[in-house]
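Read-outs: derived from the displayed coordinates by stated rules, not from any lab. The structure presented is a predicted model; accordingly, all values stated were derived computationally and were not measured. Heads up, the Cβs are rebuilt from the backbone with ideal geometry, glycines too, and the neighbour counts pull from every protein chain shown.
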Amino acid sequence: MNPPIHRRSFLGQSLAGLAAASPALNVLARDAAKPLRIGLVSAASYGPAYGPDPQPRTPGSNHGTAFATIFNGYDEEKAKTFKGTFVKASKQLEGGKVVKIWDPDKASATAIADICGIATVAETPEECVTDVDLALLIDDGSGAQWKYAEAALRKGVPVFCDKPLAMTAKEAASIAAVAKETGTKFMSSSSLRFVPDIVKLREDAKAIGPVRLCTVTGPGDLVYYGIHALAMAYGVLGGGVVSAHNTGREGAHIVRLRRSDDCDIVLMVGARETMRAGFSIQLFGEKGNLRVEPDLKDLYAYLLEAVLDLVVRDKVSVPVDEEVELIAALEAGQRSLALGREVKLDEIR
């Protein structure tokens, strides 16, 4: 069994009040020692389907298996027999246990359930978010995992929607509206926002005075993977982007994101086959500058800690409107390249 991350103790004092606000938490109010019961949705196979050349799903899932092993651990010998992508988390979190898994590839879901000790392989995504305390909607390559959220939200089950929240601002706003309508807890974010280097940078930035320019880099295509690079900037600076101007080219994006304050963000995202960019962020302030290449070790565990904090402690680390804005900023950057001009976020909302 892998060693747990020692989290702050949060299962005590506020559970009764939280249970009153969320029926899904009543079980925790009765027994604070019980972990959250988690349903993993679309978590056992993956296929890039968001671009012009969709690929078939194949067994395994980076995020699905990482999330499962973070909460449940895994059987080492059984894991060796799995034919597909299987990420073994090096650390575990207390406070949650995956009890259900669903995937359109039932055979892969069944295999992962056996390896990770997941009790139920659900027949439908709706079944997977029934009688649980938290639904985790996994990045499955579609860019559309948000479509699974409504069933859980309308049941009062808190939801984490894996990155990207959606591929367009309108899609992101539509599911955010359901979360607000139902009053159910909802979160979506890149894991890079929560790695210790980025959390620390937000505090360190105070020493260099007002930040006037922020540059962020990362690999991949602009919306689907660019979200990781931009999430670092949002983690440090917060929201406030109003327009995007992409002066790069497809596969090598250079996007100036204008904010409502006196700080611009320059987002540079390069296709993996043409630019092996790592993740980095640099802040230029009135008194100096800071640069970080974040250590990504255990990044999923830090993300899931924030999800548990939302569900149990009511700590909102990523306001849903801010994440919708982030998707809008990326979409505006993509549209700017096509139109050859600056695009305001209000044009696409």
**Request:** Kindly express, to the nearest 10 degrees and within the range 0 to 90, the angle between helix 320-339's C-alpha long axis and the longest C-alpha principal axis of the chain.
**Result:** 50
**Item:** Relative contact order of the chain, pairs being alpha-carbon contacts under 8 Å that are 6 or more residues apart, as %
**Value:** 17
**Message:** I'd like to know which of C214, S188, G95 lies farthest towards the positive end of the charge dipole of the chain, counting +1 on Cβ of Lys and Arg and -1 on Cβ of Asp and Glu.
**Reply:** C214
**Contour excess over end-to-end distance, with Cα ends at L213 and E94 and 0.36 nm allotted per residue** = 39.0 nm
**Complete:** Computed on Cα atoms only, the convex hull of region 67-195 has an orientation-averaged projected area in nm² of 8.1
**Request:** Have a look at V316, V132, V157 and tell me which one the Gaussian network model of the chain (Cα, springs below 10 Å) gives the largest fluctuation.
**Result:** V316
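At a Förster distance of 56 Å, what's the computed FRET efficiency of K287 paired with E181, Cβ-Cβ distance as r, to 0.05?
For K287 and E181, the calculated efficiency is 0.80.
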**Prompt:** Going by average Cβ neighbours within 10 Å, how do the peptides 185-197, 165-177 rank, with the highest at the top?
**Reply:** 185-197, 165-177
**Item:** Nearest-ten-degree value, helix 226-237 long axis tilted from longest Cα axis of the chain
**Value:** 80
**Item:** Selected from I227, P104, L299, residue furthest toward positive end of dipole (the chain; charges at beta carbon)
**Value:** L299
**Asked** Applying 1/(1 + (r/R0)^6) with R0 = 35 Å to the Cβ-Cβ distance of T247 and D321, what FRET efficiency is obtained, to the nearest 0.05?
**Response** 0.80
**Asked** Too long at a 20 Å Cα-Cα cut-off: which of K200/K297; K88/K200; K206/K344; K34/K100?
**Response** K88/K200; K206/K344
**Prompt:** Hey, what's the Kirkwood Rh for the chain if you take every pair of different alpha carbons, in angstrom?
**Reply:** 20.6
**Message:** Applying a 10 Å radius around every beta-carbon, put 70-81, 304-315 in order of their mean neighbour count, most first.
**Reply:** 304-315, 70-81
**Request:** Per DSSP H run of n ≥ 4, the term is -39500 (n - 2.57); total these for the chain, divide by its residue number, and report the mean residue ellipticity at 222 nm rounded to 500 deg cm²/dmol.
**Result:** -10000 deg cm²/dmol
**Item:** Dipole magnitude of the chain about its Cα centre (Cβ charges: Lys, Arg +1; Asp, Glu -1), debye to nearest 20
**Value:** 440
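Name the shape class, rounded, prolate or oblate, that the alpha-carbon gyration tensor gives for region 258-322, where a ≥ b ≥ c are the square roots of its eigenvalues, rounded holds for a/c under 1.5, and otherwise prolate holds if a/b is larger than b/c and oblate otherwise.
Because a/c hits 1.5 or more and a/b fails to exceed b/c, region 258-322 counts as oblate.
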**Message:** Just want to confirm a number: the relative contact order over region 231-349, from Cα pairs under 8 angstrom separated by 6+ residues, in percent.
**Reply:** 32
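Order 39-52, 203-216 from most to least packed using the mean count of other Cβ atoms within 10 Å.
Going from most to least packed, we get 39-52, 203-216.
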**Message:** Under 10 Å, Cα contacts only: if you run a Gaussian network model on the chain, which one of T247, T184, T69 comes out with the highest mean-square fluctuation?
**Reply:** T247
**Prompt:** About its Cα centre, what dipole magnitude does region 180-267 give when the only charges are +1 on Lys and Arg Cβ and -1 on Asp and Glu Cβ, stated in debye to the nearest 20?
**Reply:** 120
**Asked** If one computes the Cα centroid of region 221-249 and of region 297-347, what distance in Å separates the two points?
**Response** 9
